[in-house]
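Below: the structure, in structure tokens.
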């Protein structure tokens, strides 16, 4: 399914935008060309039609050779067009895969700008809510609350599209399973996430992707809401809160070394005497 935010993010990367325009042009030419016969089949079709005409009582054409040659030449041009377009489409698709891996930072930067703009727009409507956390509360509160709630509800889908575009952009850059784990843990949403500081309902929305108005209001107030610039940056931000400095005493996991003392020197018994040397 198409994601306009994903497409717009990559449109901000000139090399990718150019390759995508050329691919669309090639694909349009492919659709317009229709069925293509090989030169041999096109020439054979002329011969078969001439024989069918004779069977139907018509005269065999004297210029059968010229007609066959013309059909062959036209089909050769059409076949060359087909092969050229096919080669171009395959090459452009490969180029786009390469560019989406090597120039992803530009698209992620564009997504980050989109998220910043989105959160700023959310903040404009937050005062109108007057602290309500459900549609029922908004109706009961009256004033600007119902309109603000409706506007923010309509905006939830945009955040979902931003995050999906973020996932689509990051997925080719690393381990897809690990990326999903980081997303499920909430690191996709906030840099340096400390789960113990997040309310339970907000954490549930953050880790499931089932966003609602209270969640986008929370995210708009979170100073670390982000789109990472790379897969590696996402990994680095996720590691510290999970594996940082422990609360308890540090246990030394180095192997213990036991020193073995040297044996004591023997004590004199009095029976010792110098050896007798005989000549």
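General remarks:
Let's see how each residue does on (1) in a helix (DSSP H, G or I); (2) at negative phi; (3) in contact with a helix residue (DSSP H, G or I) (Cβ under 8 Å, 6 or more places away or on another chain); (4) outside the structural domain of residue 227 (by TED's automatic domain parsing):
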position: 112; (1), (2), (3), (4): yes, yes, no, no
position: 116; (1), (2), (3), (4): yes, yes, no, no
position: 121; (1), (2), (3), (4): yes, yes, yes, no
position: 126; (1), (2), (3), (4): yes, yes, yes, no
position: 136; (1), (2), (3), (4): yes, yes, no, no
position: 139; (1), (2), (3), (4): yes, yes, yes, no
position: 143; (1), (2), (3), (4): no, no, yes, no
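- When the test is whether a residue is exposed (fewer than 14 other Cβ atoms within 10 Å of the Cβ), out of contact with any strand residue (DSSP E or B) (no Cβ under 8 Å at 6 or more places or on another chain) and at pLDDT 95 or above, residue 11 does not pass it.
- Scope the stretch 27-39; condition under 16 Å from residue 77 (Cβ atoms) and either surrounded by fewer than 13 Cβ atoms within 10 Å (Cβ to Cβ) or touching a strand residue (DSSP E or B) at 6+ places or on another chain (Cβ under 6 Å) (or both); matching residues: 32, 33, 34, 35
- Selection status of residue 34, out of contact with any helix residue (DSSP H, G or I) (no Cβ under 6 Å at 6 or more places or on another chain) and at pLDDT below 95: yes
- Residue count, the stretch 171-218 (criterion: over 22 Å from the mean Cα position of the chain (by Cα), surrounded by fewer than 16 Cβ atoms within 10 Å (Cβ to Cβ) and not in a loop (DSSP other than H, G, I, E, B)): 6
- When the stretch 226-243 is limited to residues that are touching a helix residue (DSSP H, G or I) at 6+ places or on another chain (Cβ under 7 Å) and surrounded by fewer than 19 Cβ atoms within 10 Å (Cβ to Cβ), the one that is nearest to residue 172 (Cα to Cα) turns out to be 230.
- Tally, over the stretch 55-88, of residues that are loosely packed, with under 13 Cβ neighbours inside 10 Å and part of a loop (DSSP other than H, G, I, E, B): 7
The values are calculated or read from the model by the stated rules, or taken from the named source; none is laboratory data. All values derive from a computational prediction rather than experimental measurement. Every residue, glycine among them, receives a Cβ derived from its backbone with ideal geometry; neighbour counts consider all protein chains shown.
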